[in-house]
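Quick note: the coordinates plus some simple rules give every number you see, no bench work behind them. Please read all numbers here as calculations on a predicted model, not as lab measurements. Positions of Cβ are generated from backbone atoms using ideal geometry, with glycine treated the same way; all protein chains shown enter the neighbour counts.
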Amino acid sequence: MIEVRQLKKNFGTQNILDGVDLLIESGQSAVIIGRSGGGKSVLLKHLIGLLQPDSGDVLVDGEVITHMNERQLLRIREKFGMVFQGAALFDSMTVEENVAFLLERQRKYSPAEIQRRVAVALEVVDLPGTQKKKPAELSGGMRKRVGLARAIIYEPEILLYDEPTTGLDPIVSDSIDQLIVRVRDHLKVTSVVVTHDMRSARRVGHQVFMLHKKKIYASGPPQELFASSDPIVRQFIDGVADAKENVF
Amino acid sequence: MNFLARTWLGEWLTGLGRIAVMSRDAVLSLLTWKVTWKDLLYQIYFIGIKSQSVVLVTGAFTGMVLTAQTYFQFHKVKMDTATLAVVGVSMCSELGPVLTALMVAGRVGAAIAAEIGTMRVTEQIDALRTLATHPVDYLVVPRLLASQIALPLLTVESIVLGISSGYVVGVHLLGIDPTYLLDNMLKYTGNIDLEIGLIKSFVYGGIIALVGCYKGMTCGMGAEGVGRATTEAVVYASISILITNFFLTLVLQRVALMLL
């Protein structure tokens, strides 16, 4: 379970989050939507301790992580897997070395077992036989899928996705959505997906949280939120710009 | 002006504090030995083997020019055969370690800062952290260890080549008697000079790796940030080496006098 209490964050003089409250139950798939630059990724990075808040708390399975140092956080992060917006693959390594990274460092498995697990993880993300390729040889969608394979190979309890479909064509986006749902149902993980892709939000979320003006403005099951008559929610879901933004 | 001074001083002190914290983390990590041999050997290869050409050229030409300059001055007072003694002591305790460190700082310090800086701007360091890996364990410690192993070895190479090339220049180009030249060199260049050089190069190895890693891990976003971090890594490492050299010389020579 992930709980966020009154989270506030500033970068210099710019206020990004101003009292965010959030509760994501175990096994649930939560989607955080909101406008670009609205602080969604910042919020996501707080959940895994990549950023420290100015005030407020983040609790993972009842444990406050906001006051932990980097070494204490390593234990908490073993529960997490994260898929980055740009995949963040280690570009000096092959796909196999990327996916096997944590298993190699844990030194718990034999090389043969690691190879087998890598092959299975790549099979799950529909990229069999790409072990020896370098990240530079892969397309954007393939890289994101390798990022997902790297995140699921050690079977984490919580998976965080930072804009998994941004910049991809509709077909690849659809395959990534299907993958998220498949991983969620197969591994029974808690998923947190940050996106502004409404189709994706509708498909992968049990619960949708809308971040607006630095706070959670609305939340609920997708069918409920997407049927909302609130003008701000409607404007975002329907993708309608303000009149002042239509200058030209 | 006051505000600027305060900001600059504040940033400088913050930087020193952060490097100190990173060094502490690196020592703690070393105690629990989280480094893999593969990473360490690769870094030794990158820092040691790949720096051969610059170090060899620097060592050889420094020895040659030092021999020539010393000979031209000593010849006036008929002390030609003491030339290689000066070259030996200078190469072992000063020029060998300092020039090798400066050359390695230019090549390796820049490479470390650029590589880690690029990892930072492409979120690869964040990815490391999400994979329950402390960036200091994975990025800093192998480079620090490798640098502190490789630099003394490179320094010895540079010293040997500097003195040898000095001998060749002295005997074959300047016509100094080889027997007296070598005898004086062995008489005045002691083990302690070489030991001082090795201690210095061990310290400089640490400076190069720590400054490079720190600048990479704290670099600004984008290509400009990586470029600036790379430049600063070389400049700060070089300045730190030169300043540290003065204090190390004072301390180590004093210790050497006490021991002899």
Quiz item: Taking a ≥ b ≥ c as the square roots of the eigenvalues of the Cα gyration tensor of the range B:47-147, is the shape rounded (a/c under 1.5), prolate (a/b larger than b/c) or oblate?
Solution: prolate
Quiz item: Cα convex hull of the protein assembly as shown: mean projected area in nm², to one decimal?
Solution: 32.2
Quiz item: Taking 0.36 nm per intervening residue step and subtracting the Cα-Cα distance, what contour gain separates residue A:67 from residue A:13 on full extension?
Solution: 17.2 nm
Quiz item: Who wins for biggest fluctuation among B:89, B:171, B:98 in a Gaussian network model of chain B, springs between alpha carbons below 10 Å?
Solution: B:171
Practice problem: Could you work out which residue, out of B:222, B:117, B:48, moves most in a Gaussian network model of chain B, that is, has the largest mean-square fluctuation with Cα springs under 10 Å? | Solution: B:222
Practice problem: Classify the range A:54-173 as rounded, prolate or oblate from the Cα gyration tensor: take a ≥ b ≥ c as the square roots of its eigenvalues, call it rounded if a/c is under 1.5, otherwise prolate when a/b beats b/c and oblate if not. | Solution: oblate
Practice problem: Could you tell me which of rounded, prolate or oblate describes the range B:1-99, using a ≥ b ≥ c as the square roots of the eigenvalues of the alpha-carbon gyration tensor, with rounded for a/c under 1.5 and, failing that, prolate when a/b is larger than b/c and oblate otherwise? | Solution: oblate
Quiz item: To the nearest 500 deg cm²/dmol, what mean residue ellipticity at 222 nm is calculated for chain A from DSSP H runs of n ≥ 4 alone, each contributing -39,500 (n - 2.57), summed and divided by the residues?
Solution: -10500 deg cm²/dmol
Quiz item: Tell me, in nm to one decimal, what length is gained between residue B:50 and residue B:32 on full extension, where the rule is 0.36 nm per residue of separation less the Cα-Cα distance?
Solution: 3.6 nm
Exercise. In a Gaussian network model over chain A where Cα atoms closer than 10 Å are linked, find which of A:172, A:193, A:204 has the largest mean-square fluctuation.
Key: A:172
Quiz item: So if we plug the beta-carbon distance of residue B:249 and residue A:155 into 1/(1 + (r/R0)^6) with R0 = 60 Å, what FRET efficiency do we get, rounded to 0.05?
Solution: 0.60
Quiz item: How large is the helix-only mean residue ellipticity at 222 nm for chain B, computed as the sum of -39500 (n - 2.57) over DSSP H runs with n ≥ 4, divided by its residue count, in deg cm²/dmol to the nearest 500?
Solution: -27000 deg cm²/dmol
Quiz prompt | Per-residue Cβ neighbour rank within 10 angstrom, fewest leading, B:180, B:45, B:167 | solution = B:45, B:180, B:167
Exercise. Go ahead and run the numbers for FRET between residue A:217 and residue B:24, Cβ-Cβ distance against an R0 of 45 Å, rounding to 0.05.
Key: 0.55
Quiz item: Taking 0.36 nm per intervening residue step and subtracting the Cα-Cα distance, what contour gain separates residue A:186 from residue A:110 on full extension?
Solution: 24.9 nm
Quiz item: When the distances between all Cα atoms of chain B are binned every 5 Å from zero, what whole-number percent does each bin get?
Solution: 1, 6, 12, 15, 16, 14, 11, 8, 7, 5, 3, 2, 1, 0
Quiz item: Any number yet on Rg/Rh for chain A, C-alpha, Kirkwood?
Solution: 0.98
Quiz prompt | Spatial separation of Cα centroids for the range B:101-156 and the range B:1-74, in angstrom | solution = 11
Quiz prompt | Within 10 Å of each Cβ in B:129-141, the average number of Cβ atoms from other chains | solution = 5
